[in-house]
Amino acid sequence: MIQLNYRDSRPIYEQVKDGFRHLIIQKVMTKDEKLPSVRELATSLTINPNTIQRAYRELEQEGYVYTIPGKGSFAAGVPETDGRRKKELLESFDKTVKELKFLGMSPEELMERIRNVSK
């Protein structure tokens, strides 16, 4: 389900969070599908349960997951709230585009890259 890359510079909880976010956005996990328990996932990934708890808490804050006390965490589907995540990603995108332009990438090359990713 979720795979970790220990060579990745991102913290483990972010990798877990991104993994579940990807599964939810790609509709691999359907709305109301139960996520593995914190303890179960921590054991299978051999990481600290607090790391999983942090990832779940942040996913809940972003609207990707909801929790029912005593029952567990469930996929909420793709959040359609205030567009906060889209705004974050667009800001990151803008920063990346500016840096790529500074490094000599042309607008045409950037557009071609976007077209290829969009396929």
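Coordinate-derived values only; no laboratory data. The structure displayed is predicted, hence computed values, not measured ones. Methodologically, a virtual Cβ is constructed for each residue, glycine included, from the backbone with ideal geometry; neighbour enumeration extends over all protein chains shown.
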TODO: Before anything else, pin down the relative contact order of the chain: Cα pairs under 8 Å, at least 6 apart, normalised by residue count, whole percent.
DONE: 21 percent
- [ ] Could you list, in their original order, any pairs among Lys34/Lys86; Lys98/Lys119; Lys34/Lys87; Lys27/Lys98; Lys27/Lys119 whose Cα atoms are separated by more than 21 Å?
- [x] Lys34/Lys86; Lys98/Lys119; Lys34/Lys87; Lys27/Lys98
Task: Computed magnitude of the charge dipole of the chain (debye, nearest 20; Cβ of K, R +1, Cβ of D, E -1) - done: 140 debye
TODO: Starting from the Cα-Cα distance between Lys98 and Thr43, subtract it from 0.36 nm times their residue separation and give me the gain in nm to one decimal.
DONE: 15.7 nm
- [ ] Place +1 on the Cβ of every Lys and Arg and -1 on the Cβ of every Asp and Glu in segment 12-75, take the dipole about the Cα centre, and give the residue among Met29, Gly72, Tyr13 whose Cα lies farthest towards its positive end.
- [x] Gly72
Open item on the list: Compute the distance from the alpha-carbon center of segment 50-73 to that of segment 4-46, in whole Å.
Closed with: 11 Å
TODO: Would you mind computing, in nm to one decimal, how far apart the modelled labels at Arg115 and Glu91 are, each placed 7 Å from Cα along Cα→Cβ?
DONE: 3.2 nm
TODO: Diagonalise the Cα gyration tensor of the chain and give the resulting equivalent ellipsoid semi-axes, square root of 5 times each eigenvalue, largest first, whole Å.
DONE: 31, 17, 13
Task: By average C-beta atoms within 10 angstrom, highest first, the peptides 107-114, 39-46, 50-57 - done: 50-57, 39-46, 107-114
Task: C-alpha long axis of helix 12-25 to longest principal axis of the chain, angle in ° - done: 80 degrees
